Every structure is written in C-alpha cells, then in structure tokens.
Amino acid sequence: MRPSVLVVGEAVHGQLSGPSREALNVARSLAGSEGRVTGLLIGHGLAAASAEMATLGTDRVRVVEDAALTSATCSTLAAIVRAEVEGAQVSVVLLTGSVRYRELAGRLAARWDASVATGATELSPTEGGGLRVARPVFGGRATEELDLGGPRCVVALRPHAFPPASTTAPAAPVERRASPPFPTGNAPAPKVSALESTEVTGGPSLGDATIVVSGGRGLRAPENFRLVEELAASLGAAVGASRAVTDAGWRPGSYQVGQTGRSVAPQLYVAVGISGAIQHVVGMVSSRVIVAINSDAQAPIFRVADYGIVGDLFAIVPALTKEIRKVRGLS
Amino acid sequence: MEIVVLVKPVPDAESRLRPNAGGTELDGEGIKWVLSGYDESAVEQALLLKAAVPGSSVRCISFGPAPRTEEVLRASVALGCDRATWVERPVGMPADPLLCARVLREALRKYPHDLILAGKQAGDDEEGIVPSALAELLGVESFGSVVDLRWHAEEKRFRFQCVLDSGSEKVEAAGPLLIGLQQAWNDPRTATLPNILRSRKATIDRLPWSDVAPLLGAFSAGRTTSQRFRLPPPRTGARLIDYQSPEEAAEKLVKILREEAKVFP
Amino acid sequence: MPDFSLTAEQEGVRDLARKFAKTEMLPKAAEADRLGRFPEEVLRKAWELGLMNLNIPSEYGGSGLSLLDQCLIVEELAHACGGMTTSIIANCLALEPILLGGSPEQKSRVLSPFCGSYNIASFCLTEPSGGSDAGGLLTRARRDGDHYVLDGEKCFITNAPHASLYTVFATTDPALRHRGICAFYVPRSTEGVVPGKEEEKMGHRASSTSTVRFEHATVPVSQRLGAEGDGFSIAMRTLDQTRTPIGALATGIAQAAVDYASEYALKRRTFGKPIAEHQAIQIKLANMAQAVHAARLLTWQAAWTIDHGKTGTLESSIAKCFASDAAMQVADEAIQVFGGYGYMKEYPVEKLLRDAKLTQIYEGSNEIQRIVIAREHLKAYA
C-alpha cells in the first residue's frame with residue numbers, strides 16, 4: 001500500500017520555498033497515484049504560496065494562517081502539525097530541511113515514538129511499507145542508510161537534494177483552518193522578532209543557494225575578494241569563504257564554509273584560490289559538482305573537484321564572469 | 001543559574017573513516033574521539049553565562065559508551081564545567097536519538113536546571129534530533145542554531161539570536177529553555193594545561209545503564225531495522241581543462257557546466 | 001617489558017600541544033621565518049595555556065611536568081616551528097638553575113611572581129671565546145662586601161632582548177677554572193645589564209638571539225645560587241635536564257619533514273604514477289621513517305630514565321645527538337623528495353633543514369655529546 005504523505009511546506013517572503021517544492025516532488029513519488037499527498041502551510045500571508053502548492057501534485061492543501069504565526073516557535077509549529085496528523089491517515093510526514101522546520105522532526109518523533117531521519121538525500125519505499133533513507137554524515141565523508149519502519153515516519157529532507165515538483169492540473173482544493181490554541185510550556189510566551197535578512201549582497205544565503213562561489217587565501221588581499229563576488233553575482237550564487245579569509249577578517253565569519261563554519265551541498269560549488277584543507281573540504285564535499293580554480297596544480301582541492309582550471313585566478317575568474325554573463329544574456 | 005550542557009564525542013575531522021565488513025558501523029580503530037565543534041560552542045556559551053551571572057554552575061552530561069564518553073566529559077571539565085555526569089550506554093547499543101532523548105530526560109530529573117544547552121547538531125551524524133526531541137519530552141521551548149545568548153537579570157529573560165536560512169530572528173524568552181548552539185561563532189576557548197591535568201582527577205558522576213533502563217517505560221527503541229554506512233566513491237581527481245588563454249578556459253568550463261554537468265541552463 | 005603506551009593524561013597534554021602548534025604556530029611560522037620576527041603574541045598565548053614553564057613545579061606557578069611529558073609537548077610544538085619552540089622552552093632552561101641551586105626562599109621569591117604572569121628569562125652561559133668549554137668562561141664576578149660586580153659578555157643568548165630575568169654564570173677567578181664559577185639570577189632592571197642587537201640567523205629565525213653585556217652590574221650576594229664555586233655543577237646539571245627536550249625538538253622537526261615528504265610523494269606524479277610508487281623514493285621515505293622512530297624512542301627512554309631519578313647523562317646525550325643528526329638527515333632527504341620545489345622558499349621543507357642545523361650545535365654541540373657518550377660508554381670497560 002502506498003503511504004499517505006503530509007508535506008509541511010514553508011513560505012519565504014510570501015513565496016513557496018524551493019525546498020518545499022522539492023518535498024512535494026518526493027511526496028508524490030512516494031504516494032504514487034493511490035496515496036494521498038496533503039500540503040500544509042503555517043504562517044501569515046500565504047495566499048500565493050498555498051495557490052502554488054495546490055498545483056504541485058498535492059491532493060489537498062491545508063493552510064493555518066494567523067498573524068501571530070509569522071514567527072512561530074518550534075513547539076507551536078509542532079502542535080499545529082500534530083493537530084493535522086493525529087487522527088488522520090498520515091504515515092509519512094515530510095519536512096523541508098530549513099533550520100527551523102528540521103527542528104520539528106525531533107519534536108514530532110518524540111511525541112509519536114515515530115521513526116525519524118533528517119538531512120535525507122535519498123528516499124524510497126521499502127517492501128515492508130517503510131522507507132529507506134540515505135543521508136550524508138561526517139560532513140559528507142560518508143553516507144548512512146537507514147530503514148525507517150513503524151506506523152509513522154518523520155523525515156526532514158536536505159535542501160537541493162531533489163528536483164522540484166512540476167506543475168499539475170487541476171489545482172487541488174485549498175482549505176483554510178483556524179489556528180488551534182498553541183499552549184507553550186513557558187510563561188510568558190517567548191517573543192520572537194520578525195526575520196531580519198542578514199544578506200547584504202542581495203544574493204541567496206549559503207544554506208539556500210543552489211550555487212556557491214567561495215574564495216580563499218589565493219586571492220592574496222581583501223580587495224581582490226570582489227572577483228569572487230562578481231563571479232557569484234553572474235551565477236546568482238551565494239558567496240562563501242575559507243577559514244583563511246574569515247580569520248584574516250577579509251569577510252565576516254558567517255561566510256565561512258567548512259568544519260567550523262557552514263556545511264553546504266549546492267548543485268555547483270566553485271572554489272577560487274582555496275587549497276582544500278580537510279577542514280574546508282568536509283563543509284562542501286557533498287556538493288553535486290565541484291569546480292576548483294587554483295594556481296597550484298598540487299593543491300588538494302583538485303582531488304575533490306570534478307573540474308579544475310590550473311592557472312592565474314586573477315586572469316581566469318574575470319574571464320569566467322564575463323563568459324557566464326554572456327551566456328546568461330546579462331551583458 | 002544552574003546550566004546543563006549536553007555533549008557528545010564525535011570522530012575528529014581528520015580521522016579516517018572506514019565502515020566495518022558488514023558496513024553496519026564505522027571501524028573504531030584509528031578514530032580519534034573529540035568534543036563536537038557544536039558542543040564546544042555550547043560549553044563556551046555556558047561558561048560565558050556562568051561568568052556573567054554570579055553563583056552559576058555548569059554541569060555537562062553525556063550518554064554514550066566507554067571510554068570516549070568519559071573522555072569528552074573530562075575535556076568539558078578541563079574547559080571549565082563544574083560537574084559532569086556520564087550516563088553509560090552499553091557498548092554496541094545503537095545510538096537511537098529518541099532513546100538518547102528519553103535517557104537524558106531521566107538524567108535531567110536529578111539535576112535542577114534553568115537552562116539546557118546543546119550543540120544544534122552533532123558533528124558526526126548531523127541529525128539535530130536529540131535537542132528538540134528532549135525539549136518536547138520536557139515540555140519546554142527550544143530554539144536551534146542560536147548565537148549570542150545573554151541573560152537579562154532585571155527582566156528574568158534570555159535574549160539571543162536564531163540564525164535561520166535567510167536571516168536571523170531576535171528572541172526573548174524565559175527559562176527553562178533548551179538552546180541548540182551554532183558552531184564556532186563564539187571562538188571556544190582552549191583548555192589550559194593545568195586544567196587538563198586537574199580534569200584527570202575530577203569526579204565524574206556515573207549513571208549506570210542498569211539504573212536508567214527501568215525508568216524509560218514502554219518505548220519502542222530501535223526505529224531503524226538496519227543501518228549501513230557507505231563511503232562515497234573515491235573522487236578520481238579533477239578533470240583539468242586545457243587552455244591557451246583565460247578566455248578559452250572560461251568558455252570550455254561554461255560549456256561543460258551547461259552541457260555535461262547540467263548545473264545551469 | 002617497557003610500556004610505550006601513553007596515558008589518557010599524556011594524550012590530553014600532547015593533544016593540547018598539537019592543537020596549539022597547528023592553530024597558533026604553524027600559520028605564522030613561514031612569515032616569522034621570512035621576517036626574522038619574534039612572535040611575542042604566540043609566546044603569550046603559550047604562557048596562558050601553561051605551555052611555557054613546563055619544568056617549574058605547580059607550587060611556583062609552573063606546570064610541573066615530568067620530563068617525558070615535557071618531551072611530548074616539545075615534539076608537537078617543533079612540528080610547527082623549531083624556532084618558536086626554542087623560544088617557548090627557553091624559560092625551562094633559564095629557570096632550571098634556580099630549581100637546582102636556589103634555596104627554598106629564593107625559589108618562592110623569584111619563581112612564583114615570575115611564573116605567575118607572562119615573563120621571559122634567558123640562560124647566560126656561552127661567551128664569545130667559547131661555548132662548550134664552560135669551565136673556561138671569562139665573565140668576572142668580583143666580590144665587594146655583600147655584593148658581586150659582574151663584568152663580561154655572553155653571546156647567542158636565546159630570548160635575551162625580551163627577557164626580564166637572566167641566569168648568569170661568572171667566575172670569581174678564571175685561574176680556578178670550573179671551581180671558580182658562580183651562578184646568579186639577575187633582573188634585567190639591574191644597572192649595567194645591556195642586551196645587544198638581534199642576531200641574523202640561518203634558521204630558528206622566529207627565535208630571538210643576542211648578546212648580553214654586564215658592565216659593572218652590581219648583584220647582591222642573596223642572588224647567588226648555591227655556594228661560591230657551585231656554578232659549574234649547576235650549569236652541567238641544568239643541561240642534563242634540558243638536553244633531552246632538544247632531542248624531542250629535533251624529533252618534531254624530523255617528523256614534520258617526513259610528513260611533508262610523504263604527503264607530497266603521494267600526490268606528485270612522474271612517469272605516470274605518484275612518486276611514492278617509485279622505489280627510489282620509497283627507500284628514502286623508509287629511511288626517514290626509521291630515523292624519526294628511533295629518535296623518538298631514544299628521547300622517550302632518556303626522559304624516562306631521568307624521570308626515574310637517574311642522571312641519564314649517557315641516555316640524554318645519545319638522544320640529543322642522534323635526534324639532531326636524524327633531523328638534519330631527514331630534512332635534507334625531504335628536500336630531495338620535493339626536488340626543485342623543495343629548494344624554493346614557497347615550500348616548507350627548506351626551513352626544516354635550516355632549523356634542524358641548530359639542534360646539532362646548541363645545548364652542547366654534537367661533538368661534545370660524542371665526547372660525553374664515549375666517556376660514559378668506556379666506563380663500562382675500564
């Protein structure tokens with residue numbers, strides 16, 4: 001029997017997030033034509049996102065909308081999801097892998113004694129009616145495979161690991177629900193401010209981006225970092241940096257990719273002037289395609305990269321930016 | 001303020017990972033176990049709060065097998081934690097996150113606390129399930145990916161920032177809370193040599209498994225029917241692009257990325 | 001059978017040194033070497049972590065480590081930079097005479113405040129006229145009531161420009177040879193104590209070295225260590241303690257050379273395969289690995305011997321002499337494995353050769369070590 005799947009989606013600035021589209025795609029392939037896919041959105045200002053969700057292979061869409069939910073805490077989100085699932089025929093709950101929604105996995109699983117996995121990059125049904133999940137561990141240096149069983153499974157997907165759902169017709173019905181009362185263990189309830197965007201460049205953030213361009217010590221001076229930023233802009237990519245760059249103060253610590261910074265797994269990772277110390281590599285090795293540009297042919301980065309250009313980055317990177325702008329019709 | 005920090009031993013980033021013959025676990029031989037980087041940030045945060053709030057004390061707790069669990073607890077004491085509790089997990093018992101959350105809930109009953117800190121995820125399995133599962137079991141609010149946690153005594157509130165995917169939120173909340181710390185934002189301290197020597201003599205409070213197991217109640221541990229590790233196929237090394245001019249290099253690379261790797265149209 | 005495994009405590013101590021070497025020393029090593037810069041910030045950090053006054057008992061504010069534990073630390077530090085390591089451990093050398101010759105009152109008066117904050121001390125034995133012939137030193141200590149007046153010049157003094165305290169060896173009468181030598185501790189603030197200008201060195205360039213002149217420097221008798229004429233014995237017993245860590249320092253340099261060469265040999269390709277698959281390179285790497293292994297074991301054995309209450313003169317001389325020769329040989333071969341790149345300053349191995357060279361010379365040249373080894377060795381046959 002095919003499972004019935006609930007996808008807890010997310011809207012960012014009113015639009016359905018990319019990882020939500022990916023989760024809907026996974027849900028539909030799990031449910032097949034017999035199983036039911038329910039999309040759930042929680043928050044405020046969800047008209048556009050819920051309308052889109054209704055066209056992405058769902059059987060129905062539920063919307064829990066309330067101005068107070070703009071910055072809901074994890075426990076509130078969990079209470080709403082539970083109200084939606086408990087008593088319904090839902091055997092798989094799929095979550096997007098965003099920071100906040102991934103935290104839901106632990107709460108829901110603890111409440112239901114459900115089998116649970118986060119950061120899934122592969123997901124398929126098993127013969128016994130459970131799920132087989134693969135997830136990168138140790139910063140992408142190994143993959144763990146788990147078989148999830150039991151009446152209910154909770155899985156948070158890794159962003160950008162799956163293609164997005166494609167549009168279907170006709171649109172599924174969208175049902176608005178009143179927010180259930182959400183009790184909190186703490187009195188008074190926590191006050192959460194509105195989301196403040198930390199991005200100054202206007203580009204995507206490291207965790208969200210499908211393309212990341214990172215710069216390292218090979219850039220030699222802070223003013224040269226703009227070469228990396230220009231290349232990133234031409235690709236619509238997020239900008240990252242090696243520890244050498246953030247330690248030297250050329251860019252803030254939030255740019256750092258690696259063991260002590262962020263782990264990223266975009267579709268394309270471009271390493272500019274990065275030697276490829278293991279501490280950096282563990283933060284980017286799960287990227288689908290890795291390109292390295294470095295003057296040292298012996299640099300370890302070329303061992304993990306798929307494609308490499310050995311040469312003077314000060315000549316190569318501007319030429320690459322120009323070429324990309326050309327093919328993308330930007331100049 | 002009574003602060004509890006949850007810590008976990010993880011393989012050092014430079015340890016060589018090798019699955020055993022059946023692929024069911026990673027070969028322990030040659031693995032160096034260290035305090036997870038996220039947990040280092042959590043310990044640092046606890047010590048910063050302790051310094052800021054007079055009369056505070058910090059207890060670190062870990063659930064895991066000998067000997068690595070005791071070692072990371074000693075490392076936490078060397079950093080400045082006042083006390084340590086080791087909940088012993090029998091060697092070979094799988095590290096199920098929900099089991100871990102339940103065990104930690106039982107351990108926490110013994111120690112009154114105003115704040116629970118943890119790394120937002122472990123540095124090895126990167127699951128991030130235990131903190132929020134434990135918060136759910138305890139019935140407390142939880143926030144992950146937190147930086148810059150401060151205590152405002154006059155309002156009796158914590159203030160901190162949550163670093164989310166596309167920005168950050170400022171949060172004010174009263175305790176008890178469970179907070180998952182972001183890694184490396186607070187430049188965790190290094191234990192000094194005298195403190196390392198002292199930590200060898202520190203008392204580690206032990207909770208044997210035989211004491212904890214009966215408390216867990218009916219619970220279907222073992223969510224997984226099997227677990228395997230595989231290593232990615234060794235990367236064969238980059239395909240290097242031949243070129244005469246930077247323009248040619250750029251043109252060839254873009255062509256490959258569009259037509260062969262298909263990473264952008 | 002001896003047990004060569006380290007305790008959890010020793011592993012913890014070694015891991016701290018390894019982390020410090022990697023995060024604080026290595027990133028600055030190449031630049032400090034190029035500029036000949038003494039990285040004071042690194043020494044301050046080492047002091048904060050308790051990595052500086054390793055041999056001083058904890059009651060006086062030091063770390064109170066066994067010699068074996070000191071060696072574990074020194075090897076790890078030297079893996080990142082031999083020069084910085086020499087400067088970091090120079091306090092151990094300079095303060096050892098106070099531990100050996102000082103009265104309890106002198107120890108608590110000098111060592112506690114000194115070790116309680118960041119301070120540098122220098123060991124002033126060697127003179128321009130000769131280093132190894134310690135009995136023949138010329139710096140004079142003229143008794144004048146309850147004072148001595150010091151006159152003379154010391155050279156090749158590690159950390160001298162940065163030191164606030166000197167331990168000084170001077171003679172009341174050169175004709176008495178070693179029986180006339182006295183040891184003193186002399187604060188830098190003493191009038192007539194004049195450190196010279198920094199030397200430009202071949203290697204160990206992150207370490208600071210200069211002369212120290214004593215121009216009618218007046219030192220109270222209360223700053224003399226031991227009795228008049230005890231100085232030579234104090235100096236020799238000091239070197240018996242500090243010789244072994246030089247073996248560890250040389251082992252650290254040698255280990256770095258093997259590590260760099262092996263990593264390079266695995267990734268550098270010629271004739272269609274990594275050079276590590278060419279037998280000529282394999283034989284080099286095997287010889288290098290053997291030399292480092294032997295150097296480490298000899299060092300550990302010397303440390304163990306001294307930690308068990310023996311003088312260990314033979315063992316420590318063998319360790320120092322063998323390990324420093326091994327460091328030279330292994331660093332030389334590492335450059336050969338790197339080929340032309342190894343000769344370039346852009347790569348880390350040529351520095352290892354320059355740093356290794358000093359370990360054959362200082363704290364008793366290897367010629368002196370061989371004299372000592374032969375003398376101790378022949379005792380068994382006499």
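List of remarks:
- For region C:225-266, a residue qualifies if it is open to solvent by 10 Å² or more (accessible area, probe 1.4 Å), β-branched (Val, Ile, Thr) and touching a Pro at 6+ places or on another chain (Cβ under 8 Å), but none of them does.
- In a residue-by-residue description of region A:141-159, the property of being at pLDDT below 85, buried (at least 24 other Cβ atoms within 10 Å of the Cβ) and either facing chain B (nearest Cβ under 9 Å) or not in a loop (DSSP other than H, G, I, E, B) (or both) applies to at least one position.
- Verdict on C:His178 being open to solvent by 30 Å² or more (accessible area, probe 1.4 Å) and closer than 21 Å to C:Met52 by Cβ: no
- Taking the listed residues C:Ala276, C:Ala294, the one that is in contact with a Leu (Cβ under 9 Å, 6 or more places away or on another chain) and among the aliphatic types (A, V, I, L, M) is C:Ala276, with no other qualifying.
- Count of region B:23-49 residues which are touching a residue at least 60 places away in the same chain (Cβ under 8 Å), surrounded by fewer than 22 Cβ atoms within 10 Å (Cβ to Cβ) and assigned to a loop (DSSP other than H, G, I, E, B): 3
- Against the conditions (1) part of a helix (DSSP H, G or I); (2) in contact with a helix residue (DSSP H, G or I) (Cβ under 6 Å, 6 or more places away or on another chain); (3) buried (at least 24 other Cβ atoms within 10 Å of the Cβ), C:Met52 satisfies every one except (1).
- Among strands (runs of 3 or more DSSP E) entirely within region B:60-157, having at least 2 residues that are facing another protein chain (nearest Cβ under 10 Å) singles out B:141-152.
- Tabulated pairs, region A:206-222, first at the interface with chain B (Cβ under 9 Å from one of its Cβ atoms), second in a helix (DSSP H, G or I), C-beta under 6 angstrom, 6+ apart or interchain: A:Ile211/A:Leu235
- Listed conditions (1) closer than 30 Å to C:His278 by Cα; (2) in contact (Cβ under 8 Å) with a residue 24 or more places away in the chain are all met by C:Ser317, apart from (1).
- Exactly one residue out of A:Glu103, A:Glu122 is within 26 Å of B:Ser15 (Cβ to Cβ) and either more than 8 Å from chain B (Cβ to nearest Cβ) or buried (at least 21 other Cβ atoms within 10 Å of the Cβ) (or both): that is A:Glu122.
- Being touching a residue at least 60 places away in the same chain (Cβ under 8 Å) and on the phi > 0 side of the Ramachandran plot is true of B:Asp187.
- Selection count where residues are at pLDDT 95 or above and closer than 16 Å to C:Leu54 by Cβ, scope region C:116-127: 5
- Only listed residue being within 19 Å of C:Lys107 (Cα to Cα) and in contact with an Asp or Glu (Cβ under 6 Å, 6 or more places away or on another chain), chosen from C:Val186, C:Val168, C:Val221: C:Val221
- Any chance A:Gly276 is in a loop (DSSP other than H, G, I, E, B) and either open to solvent by less than 40 Å² (accessible area, probe 1.4 Å) or in the same structural domain as A:Ala221 (by TED's automatic domain parsing) (or both): yes
- Of all residues making up region C:283-319, the number that are part of a loop (DSSP other than H, G, I, E, B), surrounded by fewer than 23 Cβ atoms within 10 Å (Cβ to Cβ) and of a type in the set (Gly, Ala, Ser): 1
- Residue in region A:230-273 that is modelled with the highest pLDDT, counting only those that are within 22 Å of A:Arg141 (Cα to Cα), open to solvent by 20 Å² or more (accessible area, probe 1.4 Å) and in a loop (DSSP other than H, G, I, E, B): A:Gln267
- None of A:Thr198, A:Thr184 is touching a Gly at 6+ places or on another chain (Cβ under 7 Å), part of a loop (DSSP other than H, G, I, E, B), within 8 Å of chain B (Cβ to nearest Cβ) and modelled with pLDDT under 80 except A:Thr198.
- Of residues in region A:62-71 being open to solvent by 10 Å² or more (accessible area, probe 1.4 Å) and not acidic (Asp, Glu), the one farthest from the other protein chains (Cβ to nearest Cβ): A:Arg62
- Test: residue in region B:5-13 that is at pLDDT 95 or above, of a type in the set (A, V, I, L, M, F, W, C) and not in a strand (DSSP E or B): yes
- Taken over region A:279-318, residues that are part of a loop (DSSP other than H, G, I, E, B) and open to solvent by less than 10 Å² (accessible area, probe 1.4 Å) amount to 5.
- Within region A:274-331, the set of residues being among the polar types (S, T, N, Q), over 24 Å from the mean Cα position of the chain (by Cα), more than 8 Å from every other protein chain (Cβ to nearest Cβ) and within 29 Å of C:Leu266 (Cβ to Cβ) comprises A:Ser275, A:Asn294, A:Ser295.
- Residue selected from region B:164-178 under the condition open to solvent by 20 Å² or more (accessible area, probe 1.4 Å) and within 7 Å of another protein chain (Cβ to nearest Cβ), by the criterion farthest from B:Phe229 (Cα to Cα): B:Glu172
- Total residues in region C:349-376 satisfying the condition of being touching a residue at least 24 places away in the same chain (Cβ under 8 Å), out of contact with any Leu (no Cβ under 7 Å at 6 or more places or on another chain) and either closer than 23 Å to C:Gln241 by Cβ or open to solvent by less than 50 Å² (accessible area, probe 1.4 Å) (or both): the figure is 17.
- Every test in (1) out of contact with any Asp or Glu (no Cβ under 6 Å at 6 or more places or on another chain); (2) open to solvent by 10 Å² or more (accessible area, probe 1.4 Å); (3) within 13 Å of chain B (Cβ to nearest Cβ) is passed by A:Gly45 save one, and that test is (3).
The values are calculated or read from the model by the stated rules, or taken from the named source; none is laboratory data. Predicted, not measured: the structure shown is a model, and the values here were computed from it. Reconstructed Cβ throughout: ideal geometry from the backbone, glycine too, with neighbour counts over all protein chains shown. In case anyone asks, the SASA skips ligands and DNA or RNA and just uses the protein heavy atoms, side chains included. Shrake-Rupley method; radii C 1.70, N 1.55, O 1.52, S 1.80 Å.
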